[in-house]
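What follows is one structure encoded as structure tokens, with my remarks underneath.
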Amino acid sequence: MRNVPNILSIGRLVATVPLIILILVNHPIPYLVATALFLVSAVTDTVDGRLARRYHLVSQLGVFLDLTADKVFVAAALIALTQVALVPAWITITIVTREFIVSGLRSVAAARGVVIPAGRWGKQKTFITLVGVGGVLLARGLGGATAFPLGLSTGGAPHTFADYLLGAADIVLLLAVIWTIASAIEYLREGWGVLTEPPEAELTPAAFAAPNPPTSPTDTPPAPSSPTPRAPQAKPPTKRPSGARR
């Protein structure tokens with residue numbers, strides 16, 4: 001039970017590879033398989049977090065795997081859908097850029113010992129994005145094609161249920177972009193104090209120098225030696241002139 005949440009997170013990371021392959025095949029049957037795989041992975045995203053909190057299995061490794069698996073799985077699905085012209089590039093760029101901003105902000109905050117929790121907009125953004133991507137996969141699996149503005153055109157006017165489902169999924173993706181921008185603003189507002197906080201004083205090379213060892217009472221410096229007095233030198237006798245008296 002202890003490793004179940006981590007195993008589920010690793011499973012989502014591994015499932016990213018077949019998900020990309022199924023999307024790139026760009027055929028209704030692989031899209032249906034990709035929809036089932038995407039649904040199972042989305043469910044495990046909820047289950048592993050609840051198991052970890054309920055049975056007190058939260059760990060640093062588990063948090064890292066959970067966040068990494070979520071971001072990689074959704075980003076990979078969006079990039080693959082962009083390659084097959086089902087999702088415009090600007091939507092994928094907006095959502096992925098937000099993930100980079102939030103990850104960088106959390107890294108800076110963690111270095112300062114500050115934890116920025118997930119906000120309301122961020123949680124709702126994740127749910128809306130999952131619904132939008134899953135709807136696109138299911139609609140294409142059912143053969144849906146429809147026209148939608150802002151680069152989401154995949155066909156003409158909707159006629160079948162699959163066409164309307166694809167149009168609804170496109171609208172959900174547009175809502176996901178709005179929530180993505182709002183959640184990025186929310187994170188920046190929460191962590192703006194960390195970004196604008198002056199950096200700590202940098203250590204100078206002198207700070208790394210080894211301190212001088214303490215001087216013990218016995219290690220007294222020698223007293224300065226006094227100069228040795230010199231003996232007075234006798235003056236040489238003064239020679240008198242030959243005619244002087246003695």
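The values are calculated or read from the model by the stated rules, or taken from the named source; none is laboratory data. Given the structure is predicted, the values throughout are model-derived calculations rather than measurements. Counting neighbours? That spans all protein chains shown, and the Cβs are built from the backbone with ideal geometry, glycine included.
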Exercise for the section: Return the total of residues in region 1-50 being of a type outside the set (S, T, N, Q) and under 18 Å from Ala85 (Cα atoms). Expected result: 14
Handout entry: Test for Leu86: is it in contact (Cβ under 8 Å) with a residue 12 or more places away in the chain and more than 22 Å from the chain's Cα centre (by Cα)
Key = yes
Handout entry: Matching entry among Gly151, Gly134, Gly119 (being surrounded by 11 or more Cβ atoms within 10 Å (Cβ to Cβ) and either touching a Leu at 6+ places or on another chain (Cβ under 9 Å) or modelled with pLDDT of 85 or more (or both))
Key = Gly134
Practice task
Sort through Gly62, Gly104 and tell me the only one that's over 23 Å from Val172 (Cβ atoms) and touching an Asp or Glu at 6+ places or on another chain (Cβ under 9 Å).
Solution key: Gly62
Exercise for the section: Would you be able to say whether some residue in region 100-112 is closer than 29 Å to Leu142 by Cα and in contact with a Gly (Cβ under 9 Å, 6 or more places away or on another chain)? Expected result: no
Practice task
Would you be able to say whether some residue in region 122-139 is in contact with an Asp or Glu (Cβ under 6 Å, 6 or more places away or on another chain), more than 25 Å from Pro30 (Cβ to Cβ) and part of a helix (DSSP H, G or I)?
Solution key: no
Handout entry: Scan of region 22-58 for residues that are over 24 Å from Lys125 (Cα atoms), surrounded by 13 or more Cβ atoms within 10 Å (Cβ to Cβ) and under 26 Å from the mean Cα position of the chain (by Cα), ordered by number
Key = Leu57
Problem - Search result, residues across region 80-95 that are β-branched (Val, Ile, Thr), touching a Leu at 6+ places or on another chain (Cβ under 7 Å) and either surrounded by 15 or more Cβ atoms within 10 Å (Cβ to Cβ) or not in a loop (DSSP other than H, G, I, E, B) (or both) - result: Val87, Ile91, Thr92, Ile95
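Every residue, every condition in (1) among the aliphatic types (A, V, I, L, M); (2) part of a helix (DSSP H, G or I); (3) over 28 Å from Asp163 (Cβ atoms), yes or no:
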position: Arg12; (1), (2), (3): no, yes, yes
position: Phe38; (1), (2), (3): no, yes, no
position: Val72; (1), (2), (3): yes, yes, yes
position: Phe100; (1), (2), (3): no, yes, yes
